[in-house]
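Enquirer: Input: one structure, supplied below.
Each value in this text was obtained by applying a stated rule to the coordinates, not by laboratory testing. The shown structure was predicted, so the numbers you read here are calculated from the model rather than taken from an experiment. Positions of Cβ are generated from backbone atoms using ideal geometry, with glycine treated the same way; all protein chains shown enter the neighbour counts.
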Ligand SMILES: *[C@@H]1O[C@H](CO)[C@@H](O)[C@H](O)[C@H]1NC(C)=O
Ligand SMILES: *[C@@H]1O[C@H](CO)[C@@H](O)[C@H](O)[C@H]1NC(C)=O
Ligand SMILES: *[C@@H]1O[C@H](CO)[C@@H](O)[C@H](O)[C@H]1NC(C)=O
Ligand SMILES: *[C@@H]1O[C@H](CO)[C@@H](O)[C@H](O)[C@H]1NC(C)=O
Ligand SMILES: *[C@@H]1O[C@H](CO)[C@@H](O)[C@H](O)[C@H]1NC(C)=O
Ligand SMILES: [Cu+2]
């Protein structure tokens, strides 16, 4: 009985930290996501009001995190921008958190970092081995916010844009912290474009999402005097026409199978 307990504790310890002392998730390392639908994009922008206002913070940190499926479908391309940071308390950290920000804007309610492999926050991410880090630990893997303004572009192969996936980014939120982890501000991702190669939801979601601010496909009206109703109609038609090849391809695929 006793020796069994000791053995299982040892096995657990070995599973979490390997011979080189690198901490791995309870469920192993993060795996590359290879099936992201091309053409998907989503973005989150920090609100005007901070969740935690420190002495030198004027209003709120300004910033956004945008995600785009990469052209080869492997992982996600991030475009990250922050400015108007507090003068003290850096370098600032930012992460994808597991839950959405609720209506009251409470950043505490976003829970912990997105961590499908159950790695935990400590010890800190080992940068040369990003597969061993928490999927949502963006500043751990790609660097903290060390300048104002701050801008970074990178591809994270462990991120997914597929809703419901264990590594889905658009389903979550991002949070900006002081170096002591106090949460300054947070925002949700809003889908901007779901992409032509998306599944059966494409015909519905394309016309709907074209009303979302930030989407860069405003239809060019044939005349400058066209009424909003005509524009909306043209928009829907454009969405349907856009979605048709996806449907045909889908049916073609079923036939082929
Ligand atoms: C995770 O990746 C690290 C770094 O490459 C490696 O040392 C470790 O053995 C891997 N762990 C598992 C469970 O695959
Ligand atoms: C974290 O750092 C900020 C900025 O220095 C400070 O205002 C805040 O009180 C600190 N939080 C904790 C829990 O120490
Ligand atoms: C935010 O939510 C947490 C629990 O999720 C609660 O303890 C805290 O009081 C809330 N903060 C504000 C400012 O409402
Ligand atoms: C997350 O989901 C992917 C795709 O379904 C799967 O391959 C992977 O094993 C899952 N990862 C974890 C840690 O559950
Ligand atoms: C990041 O990419 C954008 C275009 O998407 C570009 O305008 C910007 O200069 C890039 N920034 C850096 C730091 O590479
Ligand atoms: Cu965080």
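Enquirer: Which order do peptides 111-119, 85-93 fall in by mean Cβ count within 10 Å, highest first?
Expert: The most tightly packed comes first, giving 111-119, 85-93.
Enquirer: Report the full-extension gain for the segment residue 163 to residue 49: residue separation times 0.36 nm, less the Cα-Cα distance, to one decimal in nm.
Expert: 38.2 nm
Enquirer: Report the FRET efficiency, 1/(1 + (r/R0)^6), for residue 26 and residue 84, where r is their Cβ-Cβ distance and R0 is 30 Å, rounded to 0.05.
Expert: 0.20
Enquirer: For residue 153 and residue 17, FRET efficiency with R0 = 35 Å and r from the beta-carbon atoms, rounded to 0.05?
Expert: 0.60
Enquirer: Sticking with this structure for a sec: If each residue of separation counts as 0.36 nm, what is the full-extension length gain between residue 181 and residue 144 once their alpha-carbon separation is subtracted?
Expert: Separation in residues times 0.36 nm, less the Cα-Cα distance, equals 12.1 nm.
Enquirer: Run the quick spin-label model on residue 34 and residue 122: label points 7 Å from Cα toward the beta carbon, then report their separation in nm to one decimal.
Expert: Between residue 34 and residue 122, the label points sit 3.8 nm apart.
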